[in-house]
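A.B. asks: Okay, handing you the structure first.
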Amino acid sequence: MISFKNDYSEGAHPDILKAITENNAFQEEGYGLDRHTKAFHENLKKRIGSEDFDVHLISGGTQTNLLVISSFLRPHEACIAADSGHISTHETGAIEATGHKVVTIPSRDGKLAPEMIKPVLVYHHFEHMVKPKLVYISNTTEVGTVYSVKEMEALSRFCREQGLILYVDGARLGAAMTSGEGAPTLKDMARYADAFFIGGTKNGALFGEALVIVNHDLKEEFRFLVKQRGALLAKGWVTGIQFRELFKDNLYFDLAGHANEMAQYLAEGLKTLGCPFLVDSPSNQIFPILPDKVIEKLLEEFQFYIWEKAEKGFSAVRLITSWATEKTSVDLFLSRCRELLQKS
């Protein structure tokens, strides 16, 4: 079955597998002190245009979020997130398990803005309540929308005025950065966020996320906390070599751009068939609304998630393309949709 279920079903880009194989017999320093991780760090300095940040390679997104939020916050402090945010919905209460409340804000497009956050700060006004301290956002969001440079700048300014930490989950940051005009760059992310991570798992790597900490107050002894949380890999070179390859040339952006291109090709095809969409997404996640009977038949041949119920007899589905999605797979899906919609 062809899968549009996620963007990590495939293994890794061939260049990464080749690099791991070619370097397999070399002895490397452990725990992220290897030459590959250092090479990636140097590359990132050039791309960001600064040396004033720390990088830590972590195995996965949930572990990164847990590590960051539990480390940055004091015991009585909480984080703010959209109600669709990954830490709010799909991390099994990982943040709450560390003793920090997640205060959620309803958001149809998955994004937060200063005017949405301010009432939360007003409400949590004294010591009988948790104190919101960190604003968690995802770029792209869980519904495929993208924070523009302008939106990032506005959030950053607000957070700094209010003494809040702005942290960005970048599991699909590649998709955000290649989503078109107004999309943020790595320089923008480092300028406006206190910390963010660059997702590898969902953009061609076997696994791994690169956590970038910009705020000086959050850097101190963070490596101790990485170790304490079980996130400091002995064979850290395996993560390091993956990010070295992804950023050696323009591979990271090429892979993300391909995923976006396939998703938008799929979206345009569905629009020509008359399908409405739950949200306007410029990235590699799209949410068309289809008849339930058509969805039932499609699931016999393709894998994807039913996202939410729409009007009677219709549901929104989530279709995700990846760095490895082939145009022929998209054409097959569109062809089958056309047949089923004509019959319905």
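The values are calculated or read from the model by the stated rules, or taken from the named source; none is laboratory data. All figures in this text were calculated on a predicted structure; none of them were measured in a lab. Because the Cβ atoms are built from the backbone with ideal geometry, glycine has one as well, and the counts that use them run over all protein chains shown. Surface accessibility is based on the protein's heavy atoms, side chains included, excluding ligands, DNA and RNA. Shrake-Rupley method; radii C 1.70, N 1.55, O 1.52, S 1.80 Å.
A.B. asks: Farthest toward the dipole's positive end in the chain, which of 320, 236, 200, given Cβ charges of +1 (Lys, Arg) and -1 (Asp, Glu) about the Cα centre?
C.D. replies: Most positive-ward Cα: 320.
A.B. asks: If you wrap a convex hull around the alpha carbons of the stretch 116-269, what volume per residue comes out, as a whole number of Å³?
C.D. replies: 145
A.B. asks: Cα to Cα, under 13 Å, and not fewer than 8 places away if on the same chain: which aspartates and glutamates meet these conditions relative to residue 111?
C.D. replies: 83, 142, 151, 169, 280
A.B. asks: Work out, step by step, the length gained on full extension between residue 22 and residue 327: first 0.36 nm times the residue separation, then minus their alpha carbon distance; give nm to one decimal.
C.D. replies: Length gained, residue 22 through residue 327: 106.7 nm.
A.B. asks: Same structure again: Counting each DSSP H run of 4 or more residues in the chain as -39500 (n - 2.57), what helix-only mean residue ellipticity at 222 nm follows after dividing by all residues, to the nearest 500 deg cm²/dmol?
C.D. replies: My calculation for the chain gives -12500 deg cm²/dmol from helical runs alone.
A.B. asks: Distance between Cα centroids, the stretch 85-103 to the stretch 210-241: provide it in whole Å.
C.D. replies: First find each Cα centre; the distance between them is then 21 Å.
A.B. asks: Just the number, please: Stokes-Einstein D of the stretch 72-192 in µm²/s, Kirkwood Rh from C-alpha pairs, 20 °C, 1.002 mPa s.
C.D. replies: For these conditions, the coefficient is 147 µm²/s.
A.B. asks: How large is ³J(HN,Hα) for each residue in the stretch 28-34, as worked out from phi by the Karplus curve 6.51 cos²θ - 1.76 cosθ + 1.60 (θ = phi - 60°), to whole Hz, x for Gly and Pro?
C.D. replies: Listing the rounded values in order: 10, 5, x, 6, x, 9, 7 Hz.
A.B. asks: Sticking with this structure for a sec: Please list the non-local residues whose amide H lies under 5 Å from the amide H of residue 135, H modeled 1.01 Å from N, same-chain partners needing a gap of 5 or more.
C.D. replies: Amide H neighbours of residue 135, under 5 Å, 5+ apart: 80, 165, 166, 167.
A.B. asks: Would you please state the base-10 log of I(q)/I(0) at q = 0.16, 0.28, 0.30, 0.32 1/Å for the stretch 113-162, with intensities from the Debye formula using one equal scatterer on every alpha carbon?
C.D. replies: One equal scatterer on each Cα of the stretch 113-162 leads to -0.53, -1.14, -1.21, -1.28.
A.B. asks: Then there is this: Quick one: how many lysine pairs in the stretch 214-294 have C-alpha atoms under 24 angstrom apart, if they're 8 or more apart or on different chains?
C.D. replies: 5
A.B. asks: Just how far, in whole angstrom, is the stretch 35-84 from the stretch 300-323 if you go by their alpha carbon centroids?
C.D. replies: 32
A.B. asks: Can you give the Rg to Rh ratio for the chain, taking only C-alpha atoms and Rh from Kirkwood?
C.D. replies: Here Rg/Rh amounts to 0.98.
A.B. asks: Next question, about the same structure. Roughly how many Å² is the accessible area per residue of the stretch 239-310, as a whole number, for a 1.4 Å probe?
C.D. replies: That works out to 43 Å² per residue.
A.B. asks: With charges set only on the Cβ (+1 for Lys and Arg, -1 for Asp and Glu), what does the dipole of the stretch 112-215 come to about its Cα centre, in debye to the nearest 20?
C.D. replies: It comes to approximately 120 debye.
A.B. asks: Next question, about the same structure. From the backbone phi of the stretch 95-104, what are the Karplus-calculated ³J(HN,Hα) couplings (6.51 cos²θ - 1.76 cosθ + 1.60, θ = phi - 60°) in whole Hz, Gly and Pro given as x?
C.D. replies: Per-residue couplings from phi come out as 5, 4, 5, 8, x, 10, 6, 9, 8, 9 Hz.
A.B. asks: Here's something else I'd like to know. On average over all directions, what projected area in square nanometres does the stretch 209-254 have, based on the convex hull of its Cα atoms?
C.D. replies: Spelled out: convex hull of the Cα atoms, projected over all directions, averaged, 4.1 nm².
A.B. asks: Can you list the aspartates and glutamates whose alpha carbon is less than 19 Å from that of residue 327, not counting same-chain residues fewer than 8 positions off?
C.D. replies: Here the aspartates and glutamates satisfying the reach criterion relative to residue 327 are 7, 10, 254, 261, 268, 301, 339.
A.B. asks: Starting with the highest mean, order 16-29, 162-175, 96-109 by the number of other Cβ atoms within 10 Å, averaged over the residues of each peptide.
C.D. replies: Descending packing order for the listed peptides: 162-175, 96-109, 16-29.
A.B. asks: Could you please state how large a percent of the accessible area of the chain is carbon and sulfur, counting protein chains only and using a 1.4 Å probe?
C.D. replies: Values: 8040 of 15780 Å².
That fraction is 51 percent.
A.B. asks: Considering only the chain, what is the antiparallel percent among its DSSP beta bridges, to the nearest 5? Intermediate results must be reported in sequence, preceding the final value.
C.D. replies: Numbers: 20 of 37 bridges.
Here the share of antiparallel DSSP bridges comes out near 55 percent.
A.B. asks: Let me ask something additional. May I ask you to work out the translational diffusion coefficient for the stretch 23-74 at 4 °C, viscosity 1.567 mPa s, via Stokes-Einstein with Rh from the Kirkwood sum over Cα pairs, reported in whole µm²/s?
C.D. replies: D, rounded to a whole number, is 99 µm²/s.
A.B. asks: At residue 277 and residue 338, where each label point lies 7 Å from the Cα along Cα→Cβ, what is the point-to-point distance in nanometres?
C.D. replies: Calculated label separation equals 2.0 nm.
A.B. asks: Right, another one. Starting at the first residue of the stretch 77-84, write each ³J(HN,Hα) from the Karplus equation 6.51 cos²θ - 1.76 cosθ + 1.60 with θ = phi - 60°, in whole Hz, x for Gly and Pro.
C.D. replies: Going residue by residue, I get 9, 10, 10, 10, 8, 5, 5, 9 Hz, with x marking Gly and Pro.
A.B. asks: How much FRET efficiency would the formula 1/(1 + (r/R0)^6) give for residue 5 and residue 128, where r is the Cβ-Cβ distance and R0 is 35 Å, rounded to 0.05?
C.D. replies: Details: r = 44 Å, r/R0 = 1.26.
According to the calculation, E is roughly 0.20.
A.B. asks: Which three lengths, in whole Å and largest first, does the stretch 288-344 cover when its Cα atoms are put on their principal axes?
C.D. replies: Each principal axis gives a Cα extent; for the stretch 288-344 these are 35, 23, 16 Å.
A.B. asks: Could you calculate the contour length gain from residue 227 to residue 42, that is, 0.36 nm times the residue separation minus the distance between their Cα atoms, to one decimal place in nm?
C.D. replies: 64.3 nm
A.B. asks: Given C-alpha coordinates of the stretch 43-142, what is the ratio Rg to Rh with the Kirkwood estimate of Rh?
C.D. replies: 1.00
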